[in-house]
Amino acid sequence: MFYFDKIEGKNILKSDKLDNAFFTTRETIIKSKDPQNFDLVKANRELIKKYLQVEKLIRPSQTHTSNVDVANFDRDMYPNTDALILNDKRLGIFLNFADCTPIILYDKKKNIGAIAHGGWRGTAEKIGAKTVLKMVSDFGCKSENITALIGPCISECCFEVGGEVLNKLNESIGNNERISEDEKTFADLKQINKIQLEQVGVKDIDIAPYCTVCNNDMFFSYRNENGTSNRHSAVLKIK
């Protein structure tokens, strides 16, 4: 179950399934290209580093791929990377969102975590499931031991897409129903990512009930805010 907590009076969104991960809100923004927010972003990053008790915060350069990398203390650049695996206690990682689906993964037994960025392209390419499989192959995790948090994103109520997009999303979960490429309909990224995670053996999944369009007062929405550069973030450390 999701609930709001605070860092020095500023809201973050957490799940009772994981105490080492959370989602920022408008108050705790740590990614923006708006000069008016630069000081706030800098202050919030220091606040979150202190809260996590980590030495560094690392993020990849997200470009709507399905590429997965591993965070390294001595490396700051992760180009064309939309999922990052964490196995270093000195680091915190974060990825940024403004309608796309945030997926936080954590294996409590192996103490290995990850965050994936599931826009519709990344979702169609099963980025969450690919990240799980890399955790399994490279770090000896077991899918059944992984907890997944699917964070606030654009919900089905507001995510109108064309038939070509929906067909690709349906194909990613083995659904062969097709509609005309010219037809408009709605897609549920949260449920599609959930199904993909279940298909690779993840059982413990918590889904945030918030839509970034409907709950735009708490989270950022690219669609609803005319291409805003502001982002809320998924944040993770390991224990």
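Using a Gaussian network model on the chain with a 10 Å cutoff between Cα atoms, which of ALA83, ALA208, ALA98 fluctuates the most?
Looking only at ALA83, ALA208, ALA98, the largest GNM fluctuation is found for ALA208.
Which percent of Cα-Cα pairs in the range 1-73 sits in each 10 Å bin, short to long?
The percentages, shortest bin first, are 16, 43, 37, 4.
Tell me, what is the percent relative contact order of the chain, built from C-alpha pairs under 8 Å that lie six or more residues apart?
Computed value for the chain: 25 percent relative contact order.
Give me the one-decimal nm value for the distance between modelled label points at GLU164 and ASN80, 7 Å along each residue's Cα-to-Cβ direction.
2.1
PHE186 versus LYS142, label points 7 Å from Cα toward the beta carbon: distance in nm?
The two pseudo-label positions are separated by 3.9 nm.
Please report the base-10 log of the normalised intensity I(q)/I(0) for the range 50-91, using a Debye sum with one equal scatterer per alpha carbon and no solvent, at each q in 0.15, 0.16, 0.18, 0.20 (1/Å).
Log-scaled intensity ratios, in q order: -0.36, -0.40, -0.50, -0.60.
Among the listed pairs LYS56/LYS134; LYS10/LYS190; LYS134/LYS239; LYS203/LYS237; LYS42/LYS194, which have their C-alpha atoms separated by more than 29 angstrom in this model? Intermediate values should be presented prior to the final figure.
Numbers: LYS56/LYS134 23 Å; LYS10/LYS190 26 Å; LYS134/LYS239 20 Å; LYS203/LYS237 21 Å; LYS42/LYS194 33 Å.
From the list (LYS56/LYS134; LYS10/LYS190; LYS134/LYS239; LYS203/LYS237; LYS42/LYS194), the Cα-Cα distance tops 29 Å for LYS42/LYS194.
Please list, or write none, the aspartates and glutamates whose alpha carbon is within less than 16 Å of the alpha carbon of LYS31, excluding same-chain residues fewer than 8 places away.
LYS31 reaches ASP39, GLU46, ASP76, ASP82, ASP99, GLU225.
Can you tell me which of GLU198, GLU177, GLU125 moves the most in a GNM of the chain? Springs connect C-alpha atoms under 10 Å apart.
GLU177
What FRET efficiency would be calculated for the residue pair GLU225, ALA43, taking the C-beta separation as r and a Förster radius of 22 Å, to the nearest 0.05?
Between GLU225 and ALA43 the formula returns 0.50.
If you scale each eigenvalue of the Cα gyration tensor by 5 and take the root, what three semi-axes come out for the range 88-212, rounded to whole angstrom and sorted largest first?
The equivalent ellipsoid of the range 88-212 has semi-axes of 27, 16, 11 Å.
On average over all directions, what projected area in square nanometres does the chain have, based on the convex hull of its Cα atoms?
Averaged projected area of the chain's Cα convex hull equals 12.2 nm².
Two decimals, Cα atoms only, Kirkwood Rh: what is Rg/Rh over the range 183-239?
Result: Rg/Rh = 1.04.
Stretch ASN176-HIS64 to full length: gain in nm at 0.36 nm per residue minus the Cα-Cα span?
37.9 nm
Read the figures in this text as sums done on the coordinates, not as results from a lab. Not measured: the values here are computed from a predicted model. Cβ coordinates were reconstructed from backbone atoms using ideal geometry, including for glycine residues, and neighbour counts include every protein chain displayed.
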